[in-house]
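Everything on this sheet refers to the single structure shown next.
The values are calculated or read from the model by the stated rules, or taken from the named source; none is laboratory data. Worth saying up front: this structure is predicted, and the values here are computed from it rather than measured. Cβ: placed from backbone, ideal geometry, glycine included. Neighbour counts: every protein chain shown.
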């Protein structure tokens, strides 16, 4: 080894402190532990140790160059760097390993603040150890500090505001916020700004001081799990508002709509009378702030389907003079092709086999088209039915409630008939019918059958026979117990049919 290297090694040995080795080992251990949760921390550790070594090397060179003051300063700088590295790694290990294991998730800004305070404390200790007069230093820098504070008041305001936002837990990561100009989801809360992603995918950086000074509305997330929204719709004055409100609330109370809370269920109110229409408002609780437009659209779709089922007309604000036909009137010019399709459909229903072609045609004209969206209740168990349904599209779930429990017993599809026993005999519905998919069906009411039965009372006997057979088949499917004799059951059903339709007993 050359004499110069020997001298350099001697100076380097003099600059090395005994406590460096354990601190280096501890830093490496923390770096490897943090590598599992933050891949860059091991590289950060190695870079810090490299800076520490370089400062020691420069300190030895300064000593060789006969600059003891510079050598001493570089040696202290190396000690400070090694200590700050250890403080940072130890704090990160506590916050990101230990506290996470304990289920604690403190604000990130608190972690950075504690690291900063501890690092400044270590710096002050080392400077005092080096013999620096801190009181004189603080006095000499007081004016400079005041000038910097005045020049950086906006930046300092943002930093302190960011600290306050995280410490008082007023805004959480994932919360949805709305200010005068921005609405979106909080993605980050940094020292200087809060990052908000809007529904359009834009990232907006809002200075923390602006959030502290202005009014901020929390609209979703951990702090606000749901938000009240309002959807307006209109109808003409020919509809009674109380019936519209009742029908809308009843429909939504039993309907499952994505991102719309079931409890409390949506409510309907009369919002205004203006511009020739009645304005209604449906108010519901939104559970997903990312989908306000989609939920509003589903609410409007259900409203449209409900109005179609009720044979009501949706309105729009207007000042035009309108002349409308009476509610529930049958169209005068029904397309012949549509009548033929309905006749073909009615021809496949065994209950209507006793009818003549003309009688079936009369029923075909009277059919009412009823659309139901998925989740809608078509009929409820225990209700008195006034119509039967013929499914033309979709599937319907049949549920029976007993002992406060609801159990599915069947699924009906295209061509199936529902509710014929209830409409013909007046007995309560035996099951609840719910749309398993979007459903299209036609309805025949008690009034539709009444004129035909009064014209041909003998049809009551044929209907009773068919209903008795179908009832017996259903009993055989549901249970293996002996069923009632068909003739006895027919007589009971025939008696109920005559009472419902007011037919003579000898008919």
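A few points about this structure:
- Residue satisfying condition, being under 15 Å from residue 223 (Cβ atoms) and either at pLDDT below 80 or out of contact with any helix residue (DSSP H, G or I) (no Cβ under 6 Å at 6 or more places or on another chain) (or both), within set 160, 165: 165
- Residue under evaluation residue 77, criteria (1) free of Cβ contacts under 8 Å to residues at least 40 places away in the same chain; (2) more than 30 Å from residue 8 (Cβ to Cβ); (3) buried (at least 17 other Cβ atoms within 10 Å of the Cβ), criterion not met: (2)
- Segment 346-366 - residue that is in contact with a strand residue (DSSP E or B) (Cβ under 7 Å, 6 or more places away or on another chain) and either modelled with pLDDT under 85 or not assigned by TED's automatic domain parsing to the domain that holds residue 446 (or both) and, of those, nearest to residue 447 (Cα to Cα): 351
- Test: residue in segment 275-292 that is assigned to a helix (DSSP H, G or I) and more than 23 Å from residue 239 (Cα to Cα): yes
- Residue 83 vs. criteria closer than 30 Å to residue 194 by Cα and either touching a residue at least 40 places away in the same chain (Cβ under 8 Å) or surrounded by 13 or more Cβ atoms within 10 Å (Cβ to Cβ) (or both): no
- Qualifying residue in segment 208-219 (condition: within 18 Å of residue 265 (Cα to Cα) and in contact with a helix residue (DSSP H, G or I) (Cβ under 9 Å, 6 or more places away or on another chain)): no
- The residues listed here are 231, 269, 248; of these, the one that is under 26 Å from the mean Cα position of the chain (by Cα), part of a helix (DSSP H, G or I) and under 30 Å from residue 308 (Cα atoms) is 248.
- Extreme residue, surrounded by the most Cβ atoms within 10 Å (Cβ to Cβ), among residues of segment 211-228 that are part of a strand (DSSP E or B) and more than 14 Å from the chain's Cα centre (by Cα): 218
- Among the residues of segment 15-28, those that are surrounded by 13 or more Cβ atoms within 10 Å (Cβ to Cβ) and without any contact (Cβ under 8 Å) to a residue 60 or more places away in the chain comprise 16, 24, 28.
- Single residue of 248, 260 found to be without any contact (Cβ under 8 Å) to a residue 60 or more places away in the chain, within 22 Å of residue 185 (Cβ to Cβ) and surrounded by 19 or more Cβ atoms within 10 Å (Cβ to Cβ): 260
- All conditions but one from (1) closer than 28 Å to residue 172 by Cβ; (2) crowded, with 16+ Cβ neighbours inside 10 Å; (3) touching a residue at least 60 places away in the same chain (Cβ under 8 Å) apply to residue 111; the one that does not is (3).
- Matching helices (runs of 4 or more DSSP H) fully within segment 389-507 where at least 2 residues are modelled with pLDDT of 75 or more: 420-425, 446-455
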